[in-house]
Amino acid sequence: MSHSLLDEVFYSRCAVCSKTIKYNDFICEECFKAEVKFIEHVCSACGYPLEISASFCKNCLLKRNYDRLFVACWYEKTLRDAVKNIKFRFGLKEKFFIDAIVGQFIQENELNHYDLVVPVPVSFRRRFIRFVHLSERIAKNISLFYGIKYKKILSKKRYTKFQWQYSRKERLVNVKNSVDCNFSTLGLNILLVDDIITTGATVNECARALKLKGAKRVDCFALAKGHFR
């Protein structure tokens, strides 16, 4: 059966404007361009997303274990709804929406100078209750696109509560010493992948674990950056 016929039989509605779209789409092209706010300005020193470009930012002043940050877009309404649907309502079309965002970013940015692509780990409890683990899906997509080896070498040493419940300082305490690396990363350049970051406490803890095992460089890629007040 052709795609054109499938489109006639199985169709969907854009989650934003309700326009008729392909059966496996989440939003239409026009709304994708309007709703997905790709990061335009970053700190040239550390890669932290900013409202205006700068050569140095407040993130540079913080102790961090990762070397550079890459973030595709801002974590705003349409994307936030899609991520929640994937994590908590077993959303299917939304996965392709996420793939499109990541695909556009990695085609426009060179993230191919790495030995390994490593996802942020998921605890057993969350793995059990969630159908899709975005950090792993995104990491696999990047791995396939660039032909870089994908490897799950990080694990949770203990359960941590959801980061959104805490202040910046409390987030650091919540994830401290919560991640372990079970693989020698001696001399390796690693791209660590997460779905959403806000303060960066989780990726910082993961980078610490990777460098304790000898990693030469750890850069981080995240689908989106949440606004933190």
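Sorted by average packing, counted as other Cβ atoms within 10 angstrom per residue and highest first, what order do 206-217, 94-105, 45-56 take?
Packing order, densest peptide first, comes out as 206-217, 94-105, 45-56.
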**Request:** Straight distance only, please: which lysines reach the Cα of LYS84 with their own Cα at less than 23 Å, same-chain residues fewer than 8 apart left out?
**Result:** LYS19, LYS22, LYS33, LYS37, LYS93, LYS95, LYS140, LYS156, LYS161, LYS225
**Asked** What is the gain in length, in nm to one decimal, between SER155 and LEU92 on full extension, counting 0.36 nm per residue of separation less the C-alpha to C-alpha distance?
**Response** 20.0 nm
**Item:** Distance from region 180-229 to region 70-127 (C-alpha centre basis), Å
**Value:** 15
**Request:** Arrange TYR66, TYR146, TYR75, TYR11 by Cβ neighbour counts within 10 Å, fewest through most, would you?
**Result:** TYR11, TYR146, TYR75, TYR66
**Request:** Would you please give the residues with an amide H less than 5 Å from that of VAL179, counting only those at least 5 places away or on a separate chain, with H modeled from the backbone geometry?
**Result:** LYS157
**Prompt:** What is the set of long-range amide H partners of VAL71 at a cut-off below 5 Å, with H atoms built 1.01 Å from backbone N?
**Reply:** ALA222
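Where a number appears in this text, it was derived from the coordinates with a stated rule and is not lab data. Only a predicted model underlies this, so the values are computations on that prediction, with no experimental measurement involved. Backbone-built Cβ (ideal geometry, glycine too); neighbour counts: all protein chains shown.
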